[in-house]
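The values are calculated or read from the model by the stated rules, or taken from the named source; none is laboratory data. Here the structure is a predicted model, which means the values were calculated and not measured. Glycine also receives a Cβ, built like all others from the backbone with ideal geometry; neighbour counts cover every protein chain displayed. Heavy atoms of the whole protein, side chains included, go into the accessibility calculation; ligands, DNA and RNA do not. Shrake-Rupley method; radii C 1.70, N 1.55, O 1.52, S 1.80 Å.
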Amino acid sequence: MQAQIQLGRVFGIRIGLHYSWIIIAILIVLSLSEQFSSVHRDWSPGVVWGTAILTALLFFVCIVLHELGHSLVAQSHGIRVPSIVLFALGGVSQMERESPDAKTEFWMALAGPLVSFVLGFLCLGSAYAMGWGGPSWWGGPSHPGSPVMEMLVWLGYINFMLGLFNLVPAYPLDGGRVFRAAAWWGTHSIERATRIAAVVGQAFAFLFILAGVWRFFHGQGFAGLWIAFIGWFLLDAARSSRVQVEIMHALSGIKVGDVMERNCTVVDATTNLQTLVDEHLLRSGQRCFMVQKDGHLAGLLTPTDISRVERRMWPLTAVEQTMRPVAQLRVVSPEAPVTQALETMARENINQLPVVANGNLEGILSRAHLLEIIRARSQFKG
Ligand SMILES: [Zn+2]
């Protein structure tokens, strides 16, 4: 999940918005303004829209606080959190690595829902202190009254719902992570725990889809579809976390040096792109080229870099103008575990890592090549 709009930093963590968030923000403002104007006919349109917009904004502040709950526990255990991204279905804290032990994972997962419950109590508590009589089943009014009270009550309920929803044990929801941490503690194996949590997560995802479809056909149209959509999202997430565990399992114990490609094509820095494409890329199908200048590695070039240059400019562009210079590259040691290199590639969103030992380029580790190895190992290894 890449953030497209950057909002700023809190505790050194970048807060960003994904475009899908905007659609949900608009839907929330529309539904709140409709609710407020139908219940409070005495409110002017300015008050209705102002309250709706402010409530929606504060709701997203609450989601950021929930994510900060996860992130601050992570950071206190030495796991760096570069960013928090808000998207259509809530927030995601992007952690640099997995938690080192079951206990950290447990508290990290639980911290978010705990923040939501505390916010829920604070909002409903302040509304109560301001004279709100409590919910209708408690003997209070069916509607809170003033715009501020209306806002606090809505935020109070939604934070409780957010906390409860996230505690559903459907991995990768927070509840699923708490469940996985418990399984991890019980089985002493994060792989086994993740497999168990993914199966339970998939079961819950199917329940969400069934419940959503059922509600859709029983007159709750949009709300039903929404639940089904969340189920589908969870199903996908559970499946991919399971695949990831299988991959990590297949690659455990392998070092980068064992699987890197050594016969990378070396091209001179002054070669133009047209020559490179005609004489190397189209003939060998190679995905990665090392650019050499004065006998040293100057940078790397991939087909993606080439496609960024207009075709008619290829004969006039030298590879050194298009390559990624070696200073900007993340490199990996041949002694590093492959699983760690794979995590780096996923995090940095890159497809290959130069393998460097004592300042010398030893080879290239690429995702495509790793996939072939995983396929071969699953086919031929008992
Ligand atoms: Zn959470």
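Among all residue pairs at least 6 apart or on different chains, which show Cβ distances below 9 Å where the first residue, located in the range 114-131, is over 25 Å from VAL178 (Cα atoms) and the second is part of a helix (DSSP H, G or I) and within 16 Å of the ligand (Cβ to nearest atom)?
CYS123/CYS62; CYS123/ILE158; CYS123/ASN159; LEU124/ASN159; LEU124/PHE160
Restricting to the range 44-98, give me the number of residues that are over 30 Å from VAL245 (Cβ atoms) and within 16 Å of the ligand (Cβ to nearest atom).
5
Can you tell me which residues in the range 100-114 are within 12 Å of the ligand (Cβ to nearest atom) and either out of contact with any helix residue (DSSP H, G or I) (no Cβ under 7 Å at 6 or more places or on another chain) or open to solvent by 30 Å² or more (accessible area, probe 1.4 Å) (or both)?
LEU110, LEU114
Test PHE117 against the criterion of being within 13 Å of the ligand (Cβ to nearest atom), over 22 Å from the mean Cα position of the chain (by Cα) and outside any strand (DSSP E or B), and give yes or no.
Judged against the criteria, PHE117 is a match.
Hey, does the range 160-170 have a residue that's open to solvent by less than 20 Å² (accessible area, probe 1.4 Å) and not in a helix (DSSP H, G or I)?
Within the range 160-170 (the criterion being open to solvent by less than 20 Å² (accessible area, probe 1.4 Å) and not in a helix (DSSP H, G or I)), the answer is yes, since at least one residue qualifies.
Counting only residues that are part of a loop (DSSP other than H, G, I, E, B), in contact with a helix residue (DSSP H, G or I) (Cβ under 8 Å, 6 or more places away or on another chain) and farther than 17 Å from LEU27 by Cβ, how many does the range 81-99 have?
6
Taking the residues in the range 166-216 that are within 16 Å of the ligand (Cβ to nearest atom) and of a type in the set (Gly, Ala, Ser) as candidates, determine which candidate is modelled with the lowest pLDDT.
So the residue we want is ALA170.
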